[in-house]
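Data first, discussion second: the structure below is written as structure tokens.
The values are calculated or read from the model by the stated rules, or taken from the named source; none is laboratory data. Keep in mind it's a predicted model, so treat the numbers as computed, not measured. Backbone-built Cβ (ideal geometry, glycine too); neighbour counts: all protein chains shown. These accessible areas exclude ligands, DNA and RNA; they are computed on the full protein's heavy atoms, side chains included. Shrake-Rupley method; radii C 1.70, N 1.55, O 1.52, S 1.80 Å.
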Amino acid sequence: MKKNILIGKKIKNYCLIMTVLIFTASCGDKNVTPKLTELNTNTDALIIGLQSFNDSIVWASGTYSTLLKSTNAGDDWQVFTYPEIDSLQFRDVHPISDKEAIVLSAGEGRLSQIFYFHEVTGWRKVFQMENDKGFIDAVQFWENGQGLVYGDATDSLAYILKTAEFGRSWTRIPTAPLANDGEGGFASSGSNILTGEEGKAWIATGANGSARVFYTEDYGRSWEVKSTPMMTGEFAGLTAIKKSNDKLWITGGDLGISDKQLENVYYSEDNGENWKALPEHATLGSFYGMAVTNYLENEFVLVCGPKGAEIWLGDQQKWKTLSEEDIWTATFIDSRTALMAGRGGKMFKVELE
């Protein structure tokens, strides 16, 4: 009798183990599927800047001097506007805290401005372009309060500003790389600056025949210049640069081409020395924004532009169309959740399931 009980227990344990193994295997074989949900932003502005402070607090910015903040991962939005003028194009925003952000206004000459915003104390202008030909594109920070702003070249040096105090003041970097004639960037998604650990940063350039990457590993004191295979032209080049694990990702295209499929998503496994293209996608024209994540040990790459948005499903090695809306910018707020936004205040949450 005792022997039969032991045999019964062994059979029961064996069945339990097999059930767990079968369940695990079936879960592991399941393909990741992106779920798309449209969100209400309470604005009809073109949303161009989008960045999270954490997995709940997200800031966004756009035309009509519009600044937005969500405290619940994008489900609801509070809208702020700059009281002095309602026509500035806030093309990038960087959160400083749950109540503070640095906001970048892009435009020719004096329209290029940087603001420090606090929910309680309001707006303070901390920079205004003095050069009539100047145009700033994006802002990004390291965790220690140092940060960079990149803009179109106004002389022989790349136009790079730096702060050491969370954006309260800005000075131009005198050791910036030499700029090609007319080299600048695109203020299309606030994504052409990427900061990394221990003072590393990458800047993606474009326009007038340039499509390069500026790289620093000492908070902008010295720079290397790396070439890319992205198409070049007067309105062509890189629009966004991101990093996932050891891969550097770039996108862009030619903003003058909207009716053709372009080879415009590349990655590098050696910090920009060599580049490989992802397979052909369906969306026509250029991509303005990009967001990448590593989820369940696979890389997922979300790209978006005026003709729509797609995501590279790393677990299946293929593209999937997400939307045909006019989408300019995207960001992952955690490893499986992204937000993307664009014209007319349109915003979507993308969840990997």
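Within segment 246-267, can one find any residue that is modelled with pLDDT under 95, farther than 25 Å from Arg172 by Cβ and surrounded by fewer than 23 Cβ atoms within 10 Å (Cβ to Cβ)? Checked segment 246-267: at least one residue is modelled with pLDDT under 95, farther than 25 Å from Arg172 by Cβ and surrounded by fewer than 23 Cβ atoms within 10 Å (Cβ to Cβ). Here Val225 meets each of (1) in contact (Cβ under 8 Å) with a residue 24 or more places away in the chain; (2) within 27 Å of Phe332 (Cβ to Cβ) with one exception, condition (2). Taking every residue in segment 307-334 that is farther than 21 Å from Asn294 by Cβ and pairing it with any residue that is open to solvent by 30 Å² or more (accessible area, probe 1.4 Å) and of a type in the set (Gly, Ala, Ser), at least 6 positions away or on another chain, the pairs with Cβ-Cβ distances below 6 Å are Thr321/Ala282.
Based on what the data block shows, is Thr171 open to solvent by less than 10 Å² (accessible area, probe 1.4 Å), more than 21 Å from Asn271 (Cα to Cα) and not aromatic (Phe, Trp, Tyr)? Taking the combined requirement at face value, the residue does not satisfy it.
Scanning segment 97-148 for residues that are on the phi > 0 side of the Ramachandran plot and surrounded by fewer than 17 Cβ atoms within 10 Å (Cβ to Cβ) returns Gly109, Gly122, Gly145. At least 2 residues being among the β-branched types (Val, Ile, Thr) is the threshold, and among the strands (runs of 3 or more DSSP E) wholly inside segment 141-242 those reaching it are 159-163, 193-195, 212-216.
Just the residues that are more than 25 Å from Thr195 (Cα to Cα) and in contact with a strand residue (DSSP E or B) (Cβ under 9 Å, 6 or more places away or on another chain), please, taken from segment 261-270. Residues satisfying the conditions are Leu262, Glu263. Determine whether Glu217 is of a type in the set (Asp, Glu) and either in contact with a helix residue (DSSP H, G or I) (Cβ under 7 Å, 6 or more places away or on another chain) or surrounded by 23 or more Cβ atoms within 10 Å (Cβ to Cβ) (or both). Answer is yes for this residue. Of all the numbered requirements in (1) β-branched (Val, Ile, Thr); (2) buried (at least 22 other Cβ atoms within 10 Å of the Cβ); (3) under 22 Å from Asp55 (Cα atoms), Thr283 misses one, and that requirement is (3).
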